Amino acid sequence: MRRLALMLPLLAALAFPAAAHAEDRKAPDELVEIDGKKPFEIRPDRAYLLFRVKGKWFAPVFMRVPTAAEVEAYYAAKKAAFDKALPDLRKARDAALAKQAAAKGAKSDDDIPPEPSLATFDYHHPDVQNLQSINLGKTLEKGKDDRLMLIEAVPGSYVLYGAGNQNAMLACMCLGSVGFDAKAGEITDLGAVHVAIAWQKSEDPVLADETGLGASVNGHWVMPAMGVSPPAAGAPAPASLAGKPIVAVQYRAVGKFVGPPVFNVNRLAPVPGILSYDRGAVIDARTGARVPDNY
């Protein structure tokens, strides 16, 4: 697990990094990679994500959708932090205004802080870390060109949020992705997560139409391309998981969302029968209906 962002109440809004907090509290790890070299037992209070990463350089980033209780706690904590900071915020604004007035019209590069308000208060919640990348160095099985991952996770609803590398959030799939539920006491088989460099043509058929776009597609960093392929019906379980409760994922289309500061913005490759697009609109391929945006 690699921490990337802290929980905010909406799917569309995330802030980071964790190191920016004044508090010493540290949220517990929500995603923990299972080492295939060590025995493990399924915890009844944890969900498990099984997937194969096809490709190199990039690791999938998952976001757990916060619960109603977490959202309520976030708002309460933000209000308390705002009330505590308000005198200093007002003092800073008054000082900046006074300095501007004393300049008597002379040009100044100093910005005037905005009028303090709860809505615009920059707050990073320290108690929940619901956006995390995967450490591909800790695998259940490792192949030449892929890695089989088993992740212990907090039960809940998840979104395949994007692609990362180390502690960097390289790209969000903000223009369309998939979500799924992970239940306690079960291993949810996600199938395969496909990743590649978007500007180079990939030999992976899942990413054939999402790659070979040329170097101009890159932003401040190399643009990743991503896709998923659900598990094949009747596919055998890995030998190390024989006898354990494995259920196939039920993916659903996720509409556009606003990402945190990232190097690139992309969308997940279409998933037959689940996710498609009509120009810029995200479409639920099961019904043909447009999926609402998350902002």
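The values are calculated or read from the model by the stated rules, or taken from the named source; none is laboratory data. Computed from a predicted structure; not experimentally measured. In this analysis, Cβ positions are derived from the backbone assuming ideal geometry, glycine residues included, and neighbour counts consider all displayed protein chains. What goes into the accessible areas is simple: the full protein's heavy atoms, side chains included, and nothing from ligands, DNA or RNA. Shrake-Rupley method; radii C 1.70, N 1.55, O 1.52, S 1.80 Å.
Since V195 meets every condition but one in (1) more than 27 Å from P66 (Cβ to Cβ); (2) open to solvent by less than 40 Å² (accessible area, probe 1.4 Å); (3) within 22 Å of the chain's Cα centre (by Cα), which condition does it not meet?
That leaves (1) as the condition not met.
Can you find a residue that is modelled with pLDDT under 85, within 21 Å of I187 (Cα to Cα) and hydrophobic (A, V, I, L, M, F, W, C) anywhere in the stretch 59-66?
no
What number of residues in the stretch 153-176 are open to solvent by 10 Å² or more (accessible area, probe 1.4 Å) and hydroxyl-bearing (S, T, Y)?
Number of matching residues: 1.
Answer yes or no as to whether A27 is more than 14 Å from the chain's Cα centre (by Cα), among the small types (G, A, S), buried (at least 16 other Cβ atoms within 10 Å of the Cβ) and at pLDDT below 85.
Yes; evaluated as a whole, the condition is true for this residue.
Among A285, A269, A248, which is the only one that is surrounded by 14 or more Cβ atoms within 10 Å (Cβ to Cβ), small (G, A, S) and touching a His at 6+ places or on another chain (Cβ under 9 Å)?
A269
Residue under question is D122, and the condition is that it be over 25 Å from the mean Cα position of the chain (by Cα) and over 30 Å from A253 (Cα atoms); does it hold?
No, not satisfied.
Return the residues of the stretch 200-220 that are within 17 Å of L170 (Cα to Cα) and either modelled with pLDDT under 85 or open to solvent by less than 80 Å² (accessible area, probe 1.4 Å) (or both); say none if nothing qualifies.
E210, T211, A215, S216, V217, N218, G219, H220
Working carefully through the options G243, G259, G179, find the one that is among the small types (G, A, S), open to solvent by 60 Å² or more (accessible area, probe 1.4 Å) and either in a loop (DSSP other than H, G, I, E, B) or touching a residue at least 24 places away in the same chain (Cβ under 8 Å) (or both).
G243
With the condition kept exactly as written, say whether any residue in the stretch 221-228 is surrounded by fewer than 16 Cβ atoms within 10 Å (Cβ to Cβ) and more than 21 Å from G156 (Cα to Cα).
Checked against the condition, which is being surrounded by fewer than 16 Cβ atoms within 10 Å (Cβ to Cβ) and more than 21 Å from G156 (Cα to Cα), the stretch 221-228 yields at least one hit.
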